[in-house]
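*Asks:* Quick one: the structure is below, questions incoming.
The values are calculated or read from the model by the stated rules, or taken from the named source; none is laboratory data. Remember, it's a predicted structure, so these values are computed and weren't measured experimentally. Here Cβ is always computed from backbone atoms with ideal geometry, including for glycine, and neighbour counts include all displayed protein chains. These accessible areas exclude ligands, DNA and RNA; they are computed on the full protein's heavy atoms, side chains included. Shrake-Rupley method; radii C 1.70, N 1.55, O 1.52, S 1.80 Å.
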Amino acid sequence: MNIPINESNFSNSHSSKSDRENKRQTTGIASVDMPWLSYYESSAFERATNISKNMTVWDIIEKSFDRHLDVPALEYFKREISRPDFANSVYTWARALRGLGIEENEVVPIYGTLFPEIGAITCALNMIGATPYFLKLSMSKKDFEIETSEAKIAIVFDGMWDKVKDVFSDDRFKKVIIATAADSMLSPQKELVTFLNYIEQIKNKSRVPRKDKYIWIDEAKKIANYYTGEVKVAFKSNRNAFITSSSGTSLAGIVKGTIATNESVIAQLYQANNAKINYNAGDRCLNNLPLTASTSLNCLFFLPLFRGMTIINDPRIGEAGYYKQIMTTRANVALTTGSLWEAFFRNVEQNLAKGKKIDLSFAKMWIIGGEGTNLEYFKKWNELMKRCGSETPLYSGYGMSEVFSVLSVETTESFMDAIKKDTPIISVGIPYPGTNVKIVDEQGQELKYNERGELLIKSQAAMKGYYQKPELSDRALADGWIHTGDIFSIDEDGILYLWGRADDKAILPNGANIYLFDLANQIRSDEDIDDVFVNAMPLADGTLSLVAHVIFSKDFVGDKNEKYIQFDSMLKELLPEGISIDGYKEHFVTFKCSPTTVKKDRKGLMKELDGYIKIKDGEEYSLSFELDEEQKLHKNYQRIQTKILKRVK
């Protein structure tokens, strides 16, 4: 049974549109009108920007603990850690890290996943004025060496030692703290996990060397007993606080190393605190993402601690287990990519089809981020949430590490407004109070409502810059506005729509640019298509070959070749004469997901060189790509069948 999404399906707190219009200025310029503020309380912007100027992030978090002493800070494999116990662990680690010789302003690389000890170390480093750098989980050796060039102490997850041992074994590292997932677990589970890890290390021949340089986390913590000096440092304005290296693409493959200061992180917390988001004291927030992403560090660690919530810390991540994670933990708040939500709701559908009763009444703030999803999936998932008892929808949001994660998220009110509008894509909500945005053309001129261009952001949560990349920092922060590299539009209500990356385009032989996401959206508008990617394959002669990767609806029973002909016809209005999709490749159920970004692996699709179908003049061809000696691509067509499709108009 499909339940249509309408205003009565979810919260009744929806304020009238006329009330908001009465509060709104109408110059036609979004950065002047700031129409999104009509969804918030009148003082929200002022409160969001009136941030503490002389406190560290840990100061803010610790102060908030006093209001929620009865709420556990974390839950890790059934072990609850109270707020006082977590604070004690932070102070213990502050002494231990000082005892290890970590100094003020020192950068400390952390490679691995989140668990309670790593969370406490993160806060302790902030307390002592040092900077944790959460290294991207997939980097080349050269990138590792560049990003850790100033470090002398590092923290590494033992299960990932093999990936970084060549770098962290270098003599410049005086100490390497080795962490394991068994730390913070209850016995006997800890002993079991430790044993299994030991067996796995032997099997993979990846055991950490037993030398003085390498110190296991339990032993490192004991150093606190011998350090009696002061741990807290004096507050310093604009000090580097955290460095994240998220999976985002705004630097075209270069490791971001985005620097957040205490002020920018606190600004982000204040903005969230004054937005209409369901982060409520006593609720449970699932965090299964590594802290490399500012989304994890902010939305799933600092913010829930600040708001009096319990973090369900379960570092296992993947499409197969996400449904079980949500249903077992009954997480009120969860945030992940479209790929993982797709896997989750596929499980919901399958279990409902088997006659099982699914209870999602505990959902309060489930958010889709990352690569998002398409409009049809989004509608279907929200129908499933209502059917299974949720009083709130699946919200959509947008963020980037350059503003320490969140720029925009839907409120219930903006969600209700957005779903009534005739748009081919989902909204990503409204900007947080305390931020300003504008959409500009290639010359930097601000565009009007509903016109597409690059999104620029101004916020106190803005990054300080990219670690050791001053030229890139200057480019991203030009004129006080952060350049996102993403194509957006904004409507008169202040609701944002993300169309795609600015560099997701192809330059055609006539010199015109075409956005590949426009081609994909056009194909996706066909009701028989669930999902699609369009890629531009660079050929040896300097031209591009456009190919489409498609997933048909499971209910489709027609002729797929006829569909490919229809798609060619649909795209004629977007493509110049003589240019078309060179080949279509069918995929099943879903596109593969990258294990490190948990997003659909578009780069992987670029490596698929065969399996494409093309119908030309009523004849069916296979398209494949071949590499020459210089590793350059060439197209190769082979006729499959002749004159079988001339009936198709």
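*Asks:* Test of understanding: among Asp59, Asp33, which residue is surrounded by 16 or more Cβ atoms within 10 Å (Cβ to Cβ), among the charged types (D, E, K, R), out of contact with any helix residue (DSSP H, G or I) (no Cβ under 7 Å at 6 or more places or on another chain) and closer than 30 Å to Thr131 by Cβ?
*Replies:* On the way: Asp33 fails: closer than 30 Å to Thr131 by Cβ.
The conditions single out Asp59.
*Asks:* Go through the residues of segment 591-610 one by one and say whether even a single one is within 20 Å of Asn535 (Cβ to Cβ), in contact with an Asp or Glu (Cβ under 7 Å, 6 or more places away or on another chain), surrounded by fewer than 16 Cβ atoms within 10 Å (Cβ to Cβ) and modelled with pLDDT under 95.
*Replies:* Yes, segment 591-610 contains a residue that is within 20 Å of Asn535 (Cβ to Cβ), in contact with an Asp or Glu (Cβ under 7 Å, 6 or more places away or on another chain), surrounded by fewer than 16 Cβ atoms within 10 Å (Cβ to Cβ) and modelled with pLDDT under 95.
*Asks:* Any idea which residue in segment 425-471 is nearest to Asn374 (Cα to Cα), counting only those that are open to solvent by 30 Å² or more (accessible area, probe 1.4 Å), free of Cβ contacts under 8 Å to residues at least 40 places away in the same chain and out of contact with any helix residue (DSSP H, G or I) (no Cβ under 9 Å at 6 or more places or on another chain)?
*Replies:* Looking at the filtered set, the residue picked out is Glu451.
*Asks:* Also: Quick check, is Glu383 acidic (Asp, Glu), farther than 22 Å from Phe517 by Cβ, assigned to a helix (DSSP H, G or I) and open to solvent by 30 Å² or more (accessible area, probe 1.4 Å)? First the steps, then the outcome.
*Replies:* Details: acidic (Asp, Glu): yes; farther than 22 Å from Phe517 by Cβ: yes; assigned to a helix (DSSP H, G or I): yes; open to solvent by 30 Å² or more (accessible area, probe 1.4 Å): yes.
Here the answer is yes, as Glu383 does meet what is asked.
*Asks:* Looking at this structure, is Ile507 open to solvent by less than 10 Å² (accessible area, probe 1.4 Å) and either under 17 Å from Ser408 (Cα atoms) or over 20 Å from the mean Cα position of the chain (by Cα) (or both)? Let's see the steps before the verdict.
*Replies:* Values: open to solvent by less than 10 Å² (accessible area, probe 1.4 Å): no; either under 17 Å from Ser408 (Cα atoms) or over 20 Å from the mean Cα position of the chain (by Cα) (or both): yes.
When the stated conditions are applied, Ile507 does not pass them.
*Asks:* Let me ask something else about it. What is the one condition in (1) buried (at least 18 other Cβ atoms within 10 Å of the Cβ); (2) touching a Leu at 6+ places or on another chain (Cβ under 9 Å); (3) within 26 Å of Tyr377 (Cβ to Cβ) that Ile615 does not satisfy?
*Replies:* Ile615 satisfies every listed condition except (3).
*Asks:* Only one residue in Asp143, Asp85 is farther than 18 Å from Thr180 by Cα, surrounded by fewer than 21 Cβ atoms within 10 Å (Cβ to Cβ) and at pLDDT 95 or above. Which one? Let's see the steps before the verdict.
*Replies:* On the way: Asp143 fails: at pLDDT 95 or above.
Testing whether each residue is farther than 18 Å from Thr180 by Cα, surrounded by fewer than 21 Cβ atoms within 10 Å (Cβ to Cβ) and at pLDDT 95 or above leaves just Asp85.
*Asks:* Give me the pairs, please: first residue somewhere in segment 103-131 and under 23 Å from Lys165 (Cα atoms), second residue anywhere and in a loop (DSSP other than H, G, I, E, B) and small (Gly, Ala, Ser), beta-carbon distance under 6 Å, and either six or more positions apart or on two chains.
*Replies:* Glu106/Ala130; Val107/Ala151; Val108/Ala130; Pro109/Ala151; Phe115/Ser184; Glu117/Ser184
*Asks:* Looking only at segment 387-410, decide whether some residue is part of a helix (DSSP H, G or I) and over 23 Å from Leu303 (Cα atoms). Give the steps one after another, and end with the answer.
*Replies:* Step one: filter segment 387-410 for residues part of a helix (DSSP H, G or I), giving 387, 401-403.
So of that shortlist, the ones also over 23 Å from Leu303 (Cα atoms) come out as 387.
Checked segment 387-410: at least one residue is part of a helix (DSSP H, G or I) and over 23 Å from Leu303 (Cα atoms).
Yes or no, residue by residue, for (1) open to solvent by 40 Å² or more (accessible area, probe 1.4 Å); (2) aromatic (Phe, Trp, Tyr):
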residue: Thr337; (1), (2): no, no
residue: Trp341; (1), (2): no, yes
residue: Phe344; (1), (2): no, yes
residue: Lys354; (1), (2): yes, no
residue: Ile358; (1), (2): no, no
residue: Ile367; (1), (2): no, no
residue: Tyr377; (1), (2): no, yes
residue: Glu391; (1), (2): yes, no
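*Asks:* So, restricting to helices (runs of 4 or more DSSP H) that lie completely within segment 74-174, which ones have at least 2 residues that are under 22 Å from the mean Cα position of the chain (by Cα)?
*Replies:* Details: elements: 83-99, 116-127, 141-147, 161-168.
So the answer is 116-127, 141-147.
*Asks:* So which residues in segment 583-604 are of a type outside the set (Ser, Thr, Tyr), part of a strand (DSSP E or B) and within 30 Å of the chain's Cα centre (by Cα)? Working first, answer last.
*Replies:* Looking only at segment 583-604, we keep the residues that are of a type outside the set (Ser, Thr, Tyr), and these are 583, 585-589, 591-593, 595, 598-604.
Next cut, part of a strand (DSSP E or B) only: 583, 585-587, 593, 600.
The answer is Lys585, Glu586, His587, Cys593, Lys600.
*Asks:* Then there's this: Just to be sure before I move on: is Ala478 under 20 Å from the mean Cα position of the chain (by Cα), open to solvent by less than 50 Å² (accessible area, probe 1.4 Å) and aliphatic (A, V, I, L, M) in the structure I sent?
*Replies:* Here the answer is no, as Ala478 does not meet what is asked.
*Asks:* Can you say whether Ile277 is in contact with a strand residue (DSSP E or B) (Cβ under 7 Å, 6 or more places away or on another chain) and open to solvent by 10 Å² or more (accessible area, probe 1.4 Å), as far as the supplied structure shows?
*Replies:* Working: in contact with a strand residue (DSSP E or B) (Cβ under 7 Å, 6 or more places away or on another chain): yes; open to solvent by 10 Å² or more (accessible area, probe 1.4 Å): yes.
So Ile277 passes the test.
*Asks:* Still on this structure, I have one more. Between Ile312, Ile326, which is part of a helix (DSSP H, G or I) and in contact (Cβ under 8 Å) with a residue 12 or more places away in the chain?
*Replies:* Details: Ile312 fails: part of a helix (DSSP H, G or I).
The match here is Ile326.
*Asks:* For a quick check of your reading of the model, give me the residue pairs whose first member lies in segment 568-579 and is touching a residue at least 40 places away in the same chain (Cβ under 8 Å), whose second is of a type in the set (S, T, N, Q) and assigned to a loop (DSSP other than H, G, I, E, B), with beta-carbon atoms closer than 6 Å and at least 6 apart or on different chains.
*Replies:* Short answer, once both residue conditions are applied: Asp568/Ser580; Pro576/Asn510.
*Asks:* How many of the residues making up segment 91-102 are of a type outside the set (A, V, I, L, M) and either touching a strand residue (DSSP E or B) at 6+ places or on another chain (Cβ under 6 Å) or under 22 Å from Val167 (Cα atoms) (or both)?
*Replies:* First pass over segment 91-102, keeping only residues of a type outside the set (A, V, I, L, M): 91-93, 95, 98-99, 101.
Right, trim to either touching a strand residue (DSSP E or B) at 6+ places or on another chain (Cβ under 6 Å) or under 22 Å from Val167 (Cα atoms) (or both) and you get 101.
Residues that pass the stated criteria total 1.
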